[in-house]
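Laboratory data are not the source of any read-out in this text; all were calculated from the coordinates shown. Computed from a predicted model, the values in this text were never measured in an experiment. No Cβ is skipped: glycine too gets one built from the backbone with ideal geometry, and neighbour counts run over all protein chains shown.
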Amino acid sequence: MSRDKKTEEVLAPIAILNEDREIFGIILEQMSLKKGIKEFGYEKANESIMKEFQQLHDQNCWKPRDPSTLSREEKRNALSTVVFMKQKRDGRIKTRSCVNGSPQRNYIKKEDATSPTVGIDNVFTTGAINAHEGRDVMTFDIPGAFVTTKTDEYVIMTLRGHLCEIMTRIDPKLFRKYITKDKKGNPVLYVQLYKSLYGLLRSALLFYKKFRKELENYGFVVNPFDPCVFNKNTADGEQHTIIFHVDDGLASHKNPVENTKLLVYLNRIYGDGVTFKRGKQITYLGMDMDYTEEGALHVSMLPYIDSILEDFPETIQNTSPTPAAEHLWY
């Protein structure tokens, strides 16, 4: 089947995008802490940074360490903090902090840190079942999934420069006395991590194990062919299905009450911040899934592609040659 005109118009400029290895970094337009303060101004940037680190503090993600109790090796191997800032479409400044976990590759094997994610074939298989059985479909997102997960590692992390000031403003009594200066005279604060922050190699895996146990406690059984597909037979004899990709889940059941009960269960664990959407038209993993036609599922990513093109910082005016043969689209 040949591609339609709309698809052709959208895919033409994508030929250019595919050649740029840094495309996602450009699209996201994320800035470092220093650049963010310069770009957005001290007050607005600082407000966003304070909000992010206040949340981490409230979640008991770390505790300060007296530098005199740390060995030279512990200080030398301490992981650094990375802060990214981005302005959202509504004008708000979003700050996301994470750990630079790349040094962990020296002692953590890839197979010991890999977290499973739902197979795309099972996303579509589940979608087809949902359409055929006329199930109620609900997507859900667990906010701050990693910071709800305890780490099983001993990790020392450093907060430097402006971040030290932020922590003393959040809790001066707790943090101020532990701040020292490095050889260049810059303030530094050593903390020990207790939660699996973004950036640690095993954070996603630890959250998977935690979430899997919570689903099993609720009566779900893992699918033997995909560790991110769970099923449960409810009292009415019908099947309740959950698929998830890290912290983005999709649940389906013929009876909408079962999805509501699941949401209540998740809210008891993660609080009222669990976001969800249900209905005949939902979006999951960037795909628009439309169940409005009885017994059918229509999937599109055109709005997602349009948003990429809209966010692209430069005007795309021409196309680029592609090695793909013409018969690829037939």
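Cα atoms only, the stretch 163-210: Rg and Dmax in Å?
In Å, with Rg to one decimal and Dmax whole: 14.5, 42.
On a 0 to 90° scale, report how tilted helix 42-58 is relative to the longest principal axis of the chain, with both axes built from alpha carbons and the result rounded to the nearest 10.
Its long axis makes an angle of about 80 degrees.
Is it possible to state the helix-based mean residue ellipticity at 222 nm for the chain, with each DSSP H run of 4+ residues giving -39500 (n - 2.57), the sum divided by total residues, to the nearest 500 deg cm²/dmol? What is it?
Value at 222 nm, helices only: -10500 deg cm²/dmol.
If we count other beta carbons within 10 Å of each Cβ, what is the order of R135, R96, fewest first?
R96, R135
Using only the alpha carbon atoms of the stretch 165-267, find the Kirkwood hydrodynamic radius as the inverse mean reciprocal pair distance, in angstroms to one decimal.
17.2
If Rh is defined by the Kirkwood formula over all Cα pairs and Rg also comes from Cα, what ratio Rg/Rh do you get for the stretch 66-167?
Checking Rg against Rh, the ratio lands at 1.11.
Which length gain, in nm to one decimal place, applies between T114 and M301 when the Cα-Cα distance is subtracted from 0.36 nm times their residue separation?
64.6 nm
Between T180 and D152, what is the label-point separation in nm under the 7 Å Cα-to-beta-carbon projection?
3.2
So how strong a dipole does the stretch 178-316 carry about its Cα centre when Lys and Arg Cβ are +1 and Asp and Glu Cβ are -1, to the nearest 20 debye?
I would put it at about 1120 debye.
Check the straight Cα-Cα distances from K110 and name the lysines below 29 Å, setting aside those fewer than 8 residues away within the same chain.
Within the straight-line cut-off, K110 pairs with K63, K75, K150, K195, K209, K210, K213.
Just D136, D171, D90 to compare: in a GNM of the chain, with alpha carbon springs under 10 Å, which one fluctuates most?
Maximum fluctuation in the GNM of the chain, among the listed residues, is at D90.
Read phi for every residue in the stretch 213-230 and hand back ³J(HN,Hα) as whole Hz from Karplus 6.51 cos²θ - 1.76 cosθ + 1.60, θ = phi - 60°, with x for Gly and Pro.
So the Karplus estimates, Gly and Pro as x, are 4, 5, 5, 5, 5, 8, x, 7, 10, 5, 6, x, 9, 8, x, 10, 10, 10 Hz.
Compute the distance in nm between two label points, each set 7 Å from the Cα along the Cα-to-Cβ direction, one at K213 and one at Y265.
1.6
Report, in debye and to the nearest 20, how large the dipole of the stretch 59-106 comes out about its Cα centre when Lys and Arg carry +1 and Asp and Glu carry -1 on their Cβ.
Result for the stretch 59-106 is approximately 320 debye, rounded to the nearest 20.
Connecting C-alpha atoms closer than 10 Å in a GNM of the chain, tell me which of I49, I308, I142 has the biggest fluctuation.
Checking each option, the largest mean-square fluctuation is seen for I308.
Explain nothing, just the number: relative contact order of the chain, from Cα pairs under 8 Å at least 6 residues apart, as a whole percent.
This gives 24 percent for the chain.
Which lysines have a Cα less than 26 Å from the Cα of K35, not counting those fewer than 8 places away in the same chain?
Result set, ordered by chain and number: K44, K51, K86, K88, K94, K181, K183, K184.
Which of the listed residues, Y208, P303, Q59, is farthest toward the dipole's positive end in the chain, when Lys, Arg count +1 and Asp, Glu count -1 at the beta-carbon?
After comparing all options, I get Q59.
To the nearest 10 degrees, how steep is helix 256-270 against the longest Cα principal axis of the chain, on a 0 to 90 scale?
In the chain, helix 256-270 runs at an angle near 10 degrees to the longest axis.
Taking the chain, how much of its Cα-Cα pair set, in percent, is spaced more than 39 angstrom apart?
So the portion of pairs separated by more than 39 Å is 26 percent.
Rounded to the nearest 0.05, what FRET efficiency is calculated for N255 and V82 with R0 set to 45 Å and r the Cβ-Cβ distance?
0.50
Kindly express, to the nearest 10 degrees and within the range 0 to 90, the angle between helix 5-17's C-alpha long axis and the longest C-alpha principal axis of the chain.
Once rounded, the angle reads 30 degrees.
For a quick check, take a GNM of the chain with Cα springs below 10 Å and name the residue from E216, E165, E293 with the largest mean-square fluctuation.
It is E293.
Can you sort L285, L79, L200 so the residue with the fewest Cβ neighbours within 10 Å comes first?
L285, L79, L200
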